[in-house]
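As structure tokens, the structure follows; a few thoughts come after it.
The values are calculated or read from the model by the stated rules, or taken from the named source; none is laboratory data. Predicted, not measured: the structure shown is a model, and the values here were computed from it. All Cβ positions, glycine included, derive from the backbone under ideal geometry; neighbour counts span all protein chains shown. Areas reflect the complete protein model, heavy atoms only, side chains present, ligands, DNA and RNA absent. Shrake-Rupley method; radii C 1.70, N 1.55, O 1.52, S 1.80 Å.
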Amino acid sequence: MIKLLYILMFSSIFSLNNFVIDNEKSSIKWKGTKSTGSYHDGLISVHQSLIQIDSTNVLVGGEIIIDMNSIICTDIKDESSNSYLVSHLKNDDFFSISNFPKSTLKITGITFLNDNNYNITADLTIKNHTHPIDFIANITIKDKIALASGKIEINRSQYEIKYKSKSWFPDIGDRFINDIFELYFNLVATEERK
């Protein structure tokens, strides 16, 4: 009850504006590494988003839905090898995209750090498994445009992505793929037309 009253009071003081991510101007780069230090990287796209900005130009919440089927690889030039890796990422060894075509990042908390840097707390859902995650984002909001950049480190083993995971197969030796993969984001969001 107290939380509901707080939300109502907050809403009455600060009007909230909805922003949506512009996919044409934004990028999300993924990177996964092996035990040897070699890596693969690529891009993935936002399916839809709703970012909430208050009247003082401060981020207060939002939800970003990722289109898992949009994943591509950018570091492998051979077309056949590239296609093989992307198919592998989409199958049940990794993201099981036929069963889980979307992943979701729902912002649950924002803490100002310094300059334009914020600590973001969110619930990340991949393959129907949800876990809290923290990351730092550099955010600027001006003239109805929001810019956000940063890096998110995700532990895939928490989301039942077991392929060559040392967390799931501790006896795998040096043939493992690191559990942590990274997302580097540069996002542009514009105010939703009313």
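Tabulated data
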| read-out | value |
| --- | --- |
| Residue count for the stretch 127-170, restricted to those that are open to solvent by 30 Å² or more (accessible area, probe 1.4 Å) and within 29 Å of ASN99 (Cα to Cα) | 19 |
| Neighbours by Cβ (under 6 Å, 6+ apart or cross-chain): first from the stretch 15-33, touching a residue at least 12 places away in the same chain (Cβ under 8 Å) and closer than 24 Å to THR56 by Cβ; second loosely packed, with under 15 Cβ neighbours inside 10 Å and of a type outside the set (Phe, Trp, Tyr) | SER15/SER55; ASN18/GLU192; VAL20/GLU192 |
| Test: residue in the stretch 110-128 that is among the basic types (Lys, Arg) and over 23 Å from GLY32 (Cα atoms) | no |
| Scan of the stretch 77-114 for residues that are closer than 22 Å to SER26 by Cα and in a loop (DSSP other than H, G, I, E, B), ordered by number | PRO101 |
| Every pair of residues 6+ apart whose Cβ atoms lie under 9 Å, when the first sits in the stretch 165-194 and is under 19 Å from ILE53 (Cα atoms) while the second is surrounded by fewer than 12 Cβ atoms within 10 Å (Cβ to Cβ) | VAL188/GLU24 |
| Candidate set: the stretch 104-122, residues that are under 15 Å from the mean Cα position of the chain (by Cα) and open to solvent by 60 Å² or more (accessible area, probe 1.4 Å); chosen: the one nearest to VAL60 (Cα to Cα) | THR108 |
| Of all residues making up the stretch 51-89, the number that are in contact (Cβ under 8 Å) with a residue 24 or more places away in the chain and either exposed (fewer than 12 other Cβ atoms within 10 Å of the Cβ) or of a type in the set (Ser, Thr, Tyr) (or both) | 4 |
| All positions within the stretch 136-188 that are of a type in the set (Gly, Ala, Ser) and over 15 Å from the mean Cα position of the chain (by Cα) | ALA146, SER157, SER165, SER167, GLY173 |
| Qualifying residue in the stretch 85-92 (condition: among the aliphatic types (A, V, I, L, M) and within 23 Å of ASN23 (Cα to Cα)) | yes |
| Every residue from the stretch 171-194 that is part of a strand (DSSP E or B) and either open to solvent by 80 Å² or more (accessible area, probe 1.4 Å) or under 24 Å from THR121 (Cα atoms) (or both) | ILE180, PHE181, GLU182, LEU183, TYR184, PHE185, ASN186, LEU187, VAL188, ALA189, THR190, GLU191 |
| Scope the stretch 70-85; condition touching a helix residue (DSSP H, G or I) at 6+ places or on another chain (Cβ under 7 Å) and closer than 21 Å to LYS127 by Cβ; matching residues | ILE71, ILE72, CYS73 |
